[in-house]
Amino acid sequence: MTGEHEEIPFGRPWITDADKAAVARVMESPILAHGPEGRGFEDAFTRYTGGGHSVALSSCTAALHLSYMQAGIGPGDEVLVPAQTHVATAHAVELVGAKPIFVDCDAQTGNVTAKALDEAITSKTRALSLVHFLGLPCDMPAIMGVATENDLMVVEDCALALGARVDGVHVGLWGDTGCFSFYPVKHITTGDGGMLISKHEEVAAAVGRLRAFQVDRNYDERALPGMYDVPGLGLNYRMSEMQAALGTSQLQRMEENLARRAENHARLRAGLEKIPGVRVLHDDDPKKVDSHYALSMVIDDAQDGFRDAVVRKLNQKGIGTSIYYPHPVPRMAYYRNKYGYDASAYPGAECVSDCGIALPVGVHVGLADMDRIVMAATASMEEARAEVPA
Ligand SMILES: *Cc1c(COP(=O)(O)O)cnc(C)c1O
């Protein structure tokens, strides 16, 4: 929790003495890459999610990229991609030469719906990807129904959703792959880093080979030191031993991590929903466990510039904010220039991008901070109205 007059940052990694000791222990060992710490983190991750197979990687982007690479998806194929997500979700599709087909989100949750995905399927569609927006799980039973009916691979971008479950099943274990990020402000961090999980043993094994040049043997499997062969192309997308040790240590605190986020989120949401003109992205389906990465307050029906004015007022009052995400992906220059952009196709994503303000609920903030944010938001809305009539 921060002091009364201190700035409340949007995000701050939670690093304890135990985390530092875990990293320092690895530094005493001669093995700094692809060793026991990496395998230990993968095992701990599998225990935490409750099933499947885990492969530690250098980032979530690597996990997304390898999801398509291992499936042989490429030129001529289409992949459905949420319009409202991090650009990495789409870049992974472009990186294998396939074409992303953007699907709008529901403006109440930020998530794609089974219906919108179903309507975007063509004869070229090979896979669908989705993002559990700000930790709120998508409607996985319905989406898996659409995927099964159309024989499509499912890639879940779980970068903001560690700890999120639907019907008790952790996100990432519904689809064919689940991709997690350990970038500093995500639920847990390894500096940079990621994890791919899969309920299919052969998918995890293929990703395990692709992350290390596709060499056919690890150093501990080689009859002669340094001797291996390479049956195919691969990358170096490995996680270091220092990172894996940090990840394992961080994972021990997930229960507290999620509990504090849930408590902060509930307090902040209740306060913000009392402000006229403000709503909060949510989905109260009791079958879904939200991992509360951040809270998005949405100011609908505002004039151009109103949201930005509120952001500036909040920042002046010491409240750290972010925008998830700054543009619908198809509006970002690379995609706009390549495929053109029709705003009318993405009203939900435009609304979440252009009228939303992401606020912190992580373990670095507490209930008193939530009350400060509500007061600051109330005042900021009024001040912005005086400047930019809503
Ligand atoms: C942060 C993020 C990513 C990228 O994760 P990296 O580990 O930095 O590659 C991908 N998707 C979503 C939804 C994210 O928020």
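All of the numbers you see were taken from the coordinates with simple rules; none came from a lab. Fair warning: this is a prediction, and the values are worked out from it, not measured in the lab. All Cβ positions, glycine included, derive from the backbone under ideal geometry; neighbour counts span all protein chains shown.
Tabulated results
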read-out: Selection from the range 102-118 of residues that are in contact with a strand residue (DSSP E or B) (Cβ under 9 Å, 6 or more places away or on another chain) and surrounded by fewer than 20 Cβ atoms within 10 Å (Cβ to Cβ); value: ALA107, GLN108, ALA116
read-out: Entirely in the range 262-380, the strands (runs of 3 or more DSSP E) that have 3 or more residues that are away from the ligand (no atom under 16 Å from the Cβ), crowded, with 16+ Cβ neighbours inside 10 Å and not acidic (Asp, Glu); value: 278-280, 294-299
read-out: Residue that is surrounded by the most Cβ atoms within 10 Å (Cβ to Cβ) [pool: residues in the range 70-98 that are without any contact (Cβ under 8 Å) to a residue 40 or more places away in the chain and either within 20 Å of ASP285 (Cβ to Cβ) or away from the ligand (no atom under 15 Å from the Cβ) (or both)]; value: ALA98
read-out: Yes/no for ILE188 being assigned to a strand (DSSP E or B), touching a residue at least 40 places away in the same chain (Cβ under 8 Å) and either out of contact with any Cys (no Cβ under 6 Å at 6 or more places or on another chain) or among the charged types (D, E, K, R) (or both); value: no
read-out: The one condition in (1) more than 10 Å from the ligand (Cβ to nearest atom); (2) touching a residue at least 60 places away in the same chain (Cβ under 8 Å); (3) charged (D, E, K, R) that ARG126 fails to fulfil; value: (2)
read-out: Out of GLY226, GLY234, sole residue that is in contact with a Phe, Trp or Tyr (Cβ under 6 Å, 6 or more places away or on another chain), without any contact (Cβ under 8 Å) to a residue 60 or more places away in the chain and either over 21 Å from SER58 (Cβ atoms) or surrounded by 13 or more Cβ atoms within 10 Å (Cβ to Cβ) (or both); value: GLY234
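Okay, residues lined up against (1) more than 18 Å from the chain's Cα centre (by Cα); (2) of a type in the set (Gly, Ala, Ser):
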position	(1), (2)
ALA56	no, yes
SER59	no, yes
LEU66	no, no
GLU94	yes, no
ALA116	yes, yes
GLU119	yes, no
PRO137	no, no
